[in-house]
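Please read the structure below before turning to the comments.
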Amino acid sequence: MTNTKHDEVTIDRQALAQEVIVSAGKLLRAAGFDRDEIGDFFRQAADMLGDGTGAATVPSQGRPARGLAGVTAQFAGHSAVQELARLGAEAQGLLPLAEDSPQLKQAFDTAMQIVPLLAEAQNALRVLAGDADLPLVANLSEAADAGGEIVCLEQFETAYDEALAVLGAVIEALIERRDGEAFAFLLGHFAENGVVIGGPLEAVIARGARTFVG
């Protein structure tokens, strides 16, 4: 949240911190960590940062993530992930959508903003997984077949699940109103940005393809 004063933008630091912490917590839970383990991770992070007096050395932003917990924490704080969470939360007021919903155009415009951010977030996760020397898989079924620590894209999507819900709702509404042109335009936007589509969103898009292509 921002407030404009004397032509300057002031960041609500507490709200920003809460968003990052909640996102990181959701991702860690999705990755299988329990409450005690998550608490330990945050305490360790606080110890690394020190008390602000300079007693501790803060790792540089370029340092590779350490293990799955490090990937999770860095991913949750990524700007694209935070913007996806913001857009998703704001767009919840537009839902539910129907074929004749007056807010469908606004929701469609939001979906068009979400797609490139989704691509940016997915690319950030690829980089973080590579830096941490962890294998990256797309979905939970692939993760179940792998041993040890692994980065699963579908699990990390919990950080912006509301944004994904908006995408799904828009596509469902386009299917209901038989708007194949808008469906194809949005699908092309996914392709142009190189977004990996999985989970419930993949099922909705597949239903749209069957509806419009046959």
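Annotations for the structure displayed:
Yes/no matrix, rows are residues, columns are (1) over 30 Å from Leu174 (Cα atoms); (2) open to solvent by less than 20 Å² (accessible area, probe 1.4 Å); (3) modelled with pLDDT under 95:
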| position | (1), (2), (3) |
| --- | --- |
| Ile21 | yes, no, yes |
| Met48 | yes, no, yes |
| Arg66 | yes, no, yes |
| Ala85 | no, no, no |
| Glu99 | no, no, yes |
| Gln106 | no, no, no |
| Asn123 | no, no, no |
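- In region 130-161, the residue that is nearest to Gly77 (Cα to Cα) out of those that are among the small types (Gly, Ala, Ser) and without any contact (Cβ under 8 Å) to a residue 12 or more places away in the chain is Gly130.
- Reported count of residues in region 108-121, each being of a type outside the set (Phe, Trp, Tyr) and open to solvent by 10 Å² or more (accessible area, probe 1.4 Å), is 8.
- Whether a residue is of a type in the set (A, V, I, L, M, F, W, C), modelled with pLDDT of 95 or more, within 20 Å of the chain's Cα centre (by Cα) and open to solvent by less than 50 Å² (accessible area, probe 1.4 Å) was assessed, and Ala169 passes this test.
- Residues located in region 89-115, provided they are assigned to a loop (DSSP other than H, G, I, E, B) and farther than 10 Å from Val166 by Cα: Ala98, Glu99, Asp100, Ser101, Pro102, Gln103
- Filter result for Ala146 (in contact with a Cys (Cβ under 9 Å, 6 or more places away or on another chain), over 24 Å from Gln103 (Cβ atoms) and loosely packed, with under 15 Cβ neighbours inside 10 Å): yes
- Options Thr211, Thr158: the member that is under 20 Å from Glu90 (Cα atoms), of a type in the set (S, T, N, Q) and open to solvent by less than 70 Å² (accessible area, probe 1.4 Å): Thr158
The values are calculated or read from the model by the stated rules, or taken from the named source; none is laboratory data. Worth saying up front: this structure is predicted, and the values here are computed from it rather than measured. Cβ: placed from backbone, ideal geometry, glycine included. Neighbour counts: every protein chain shown. Ligands, DNA and RNA are excluded from the accessible area calculation, which covers all protein heavy atoms including side chains. Shrake-Rupley method; radii C 1.70, N 1.55, O 1.52, S 1.80 Å.
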